[in-house]
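S.K.: Dropping a structure here in structure tokens format, bear with me for questions.
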Amino acid sequence: MPYSSTDEVTIEKSPAYFITESVPQRIHTMNASTKLIVIVRDPVTRLISDYAQLAANKAKKDRQMASFEDLILLNGRKINTSYKAVRIGIYAIYYSRWTQVFPKSQVHVVDGDRLVYDPYPEVQKVEQFLGLSHRISRENFSYNSTKGFFCVRLNGTSDKCLNESKGRRHPQIDPQVIQILRRFYATHNRLFYRLVGKDFGWPEF
């Protein structure tokens, strides 16, 4: 981590931190006052997005990926929980692990779905959580209809958007498969809501 003065906030990010078992204690050992920000979204949408990204990466190497259904279902009906991408969406497991090490007051959970469709309120909450003065306004966001999400407007003129790997089109998934996934995640989601103290309203059927 770079040197930070007393009036600076240093941030590091990695999707692997949240799910890696050894990380909470290692970070706590480094700095027990570290504040943690977790961005979550509807686990079914997250799972499909994960698949779309992996498929796109393989396609660049002229390699094919198994179908979504073949990866996440066993015998066409049962969820394949040995598939890592499925387990990642069981947020309660990982959140519990982190809050056994850090107090909940040091963990802020961002509604990733709302961050896509209405980012300003979520960014305001992050500023407040980090103890920062509110420097970002609605005018700092502009909707990019091509990408289908908001970009950040810098200096009032130019927009900075996420790279081409974001906003990728998702594959069409059989609605019955979506329903199976929603039922699978429903119980896990409700537990996560209770742990966080917030209902994210993810569909259950």
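The values are calculated or read from the model by the stated rules, or taken from the named source; none is laboratory data. All figures in this text were calculated on a predicted structure; none of them were measured in a lab. Don't worry about glycine lacking a Cβ; one is built from the backbone with ideal geometry, like all the others, and counts go over all protein chains shown.
S.K.: Output the number of residues of segment 95-107 satisfying the condition of being of a type outside the set (V, I, T), out of contact with any Pro (no Cβ under 9 Å at 6 or more places or on another chain) and either surrounded by 15 or more Cβ atoms within 10 Å (Cβ to Cβ) or modelled with pLDDT under 95 (or both).
M.R.: Going residue by residue through segment 95-107, those that are of a type outside the set (V, I, T) are 95-98, 100, 102-106.
From what is left, the residues that are out of contact with any Pro (no Cβ under 9 Å at 6 or more places or on another chain) are 95-96, 103-106.
Still in the list and also either surrounded by 15 or more Cβ atoms within 10 Å (Cβ to Cβ) or modelled with pLDDT under 95 (or both): 95, 106.
Residues meeting the conditions: 2.
S.K.: Now, a different point. When you go through (1) touching a Leu at 6+ places or on another chain (Cβ under 8 Å); (2) in a helix (DSSP H, G or I) one by one for M65, which number turns out not to apply?
M.R.: Among (1) touching a Leu at 6+ places or on another chain (Cβ under 8 Å); (2) in a helix (DSSP H, G or I), the lone unmet condition for M65 is (2).
S.K.: I'd like the full set of residues that are basic (K, R), at pLDDT below 95 and surrounded by 12 or more Cβ atoms within 10 Å (Cβ to Cβ), limited to segment 43-92.
M.R.: Correct list: K58 only.
S.K.: Answer yes or no as to whether E8 is surrounded by fewer than 10 Cβ atoms within 10 Å (Cβ to Cβ) and in contact (Cβ under 8 Å) with a residue 60 or more places away in the chain. If you could, list the steps in order and put the result at the bottom.
M.R.: On the way: surrounded by fewer than 10 Cβ atoms within 10 Å (Cβ to Cβ): yes; in contact (Cβ under 8 Å) with a residue 60 or more places away in the chain: no.
For E8, the condition - surrounded by fewer than 10 Cβ atoms within 10 Å (Cβ to Cβ) and in contact (Cβ under 8 Å) with a residue 60 or more places away in the chain - is not met.
S.K.: Suppose we filter segment 1-41 for residues that are modelled with pLDDT of 95 or more and not hydroxyl-bearing (S, T, Y); how many remain?
M.R.: So the count comes out to 17.
S.K.: Residues that are β-branched (V, I, T) and surrounded by 11 or more Cβ atoms within 10 Å (Cβ to Cβ): list the strands (runs of 3 or more DSSP E) wholly contained in segment 108-205 that include at least 1 such residues.
M.R.: Numbers: elements: 141-144, 149-154, 158-160.
Because the criterion is at least 1 residues that are β-branched (V, I, T) and surrounded by 11 or more Cβ atoms within 10 Å (Cβ to Cβ), the strands (runs of 3 or more DSSP E) in segment 108-205 that meet it are 149-154.
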